[in-house]
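Note sheet for the following structure.
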């Protein structure tokens with residue numbers, strides 16, 4: 001896909017503050033520090049649009065970005081370890097669940113896992129929730145450039161087995177590996 005424009009729209013936690021038009025949305029979900037923001041920036045070819053940080057829990061609100069004036073990317077707060085009080089993390093979790101459960105504009109959820117590690121219990125819970133609620137989603141294993149081809153193949157097979165799926169997309173934000181395949185899946189979901 002050719003990216004002609006990217007615009008940060010807003011950060012919001014409460015449903016009342018989310019955009020209210022019918023623009024289709026693609027959500028990015030995953031553990032804290034799994035590379036959601038880096039993946040988004042890499043996909044868009046824009047450095048720093050989504051704030052990437054080495055500190056877990058940096059994304060604390062739902063961040064809405066308008067792409068090409070016709071669809072939105074939504075960066076959700078990460079789950080798992082984050083440097084934030086429990087009450088704040090509970091708010092993020094509730095906002096993310098409300099968004100995933102209620103958002104009619106949501107056409108695809110991109111569930112990001114780290115290709116170097118086995119999926120966590122929370123990764124599995126999210127996957128099972130998406131399957132149970134019939135939410136269109138895609139599993140993307142990031143940081144693929146940090147493994148040998150053999151390690152990557154073994155880890156991807158293990159991720160697919162754990163999630164009981166036959167499709168795990170491999171991605172590297174630094175080398176843009178998997179970029180075209182991921183854009184293909186996004187474009188298909190936008191046409192549905």
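The values are calculated or read from the model by the stated rules, or taken from the named source; none is laboratory data. On a predicted model such as this, the values are computed, not experimentally measured, just so you know. Note that each Cβ is placed from the backbone with ideal geometry, even for glycine, and that neighbours are counted across all protein chains shown.
Some points to look at:
Rundown of residues vs (1) within 15 Å of the chain's Cα centre (by Cα); (2) at pLDDT below 95; (3) closer than 17 Å to residue 30 by Cβ, yes/no style:
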site: 99; (1), (2), (3): yes, yes, yes
site: 120; (1), (2), (3): no, yes, yes
site: 123; (1), (2), (3): yes, yes, yes
site: 127; (1), (2), (3): yes, yes, yes
site: 142; (1), (2), (3): yes, yes, yes
site: 152; (1), (2), (3): no, yes, no
site: 164; (1), (2), (3): no, yes, no
site: 183; (1), (2), (3): yes, no, no
site: 186; (1), (2), (3): yes, no, yes
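- Only residues that are free of Cβ contacts under 8 Å to residues at least 12 places away in the same chain, farther than 19 Å from residue 189 by Cβ and either in contact with a strand residue (DSSP E or B) (Cβ under 8 Å, 6 or more places away or on another chain) or not in a helix (DSSP H, G or I) (or both) were counted across region 118-154, and they come to 1.
- Looking only at residues of region 101-118 that are surrounded by 13 or more Cβ atoms within 10 Å (Cβ to Cβ) and farther than 19 Å from residue 163 by Cβ, we find that the one that is modelled with the lowest pLDDT is 103.
- Filtered residues of region 8-40 (kept if assigned to a helix (DSSP H, G or I) and surrounded by 15 or more Cβ atoms within 10 Å (Cβ to Cβ)): 36, 37, 38, 39, 40
- Hits in region 10-24 - residues which are modelled with pLDDT of 95 or more and in contact with a helix residue (DSSP H, G or I) (Cβ under 9 Å, 6 or more places away or on another chain): 24
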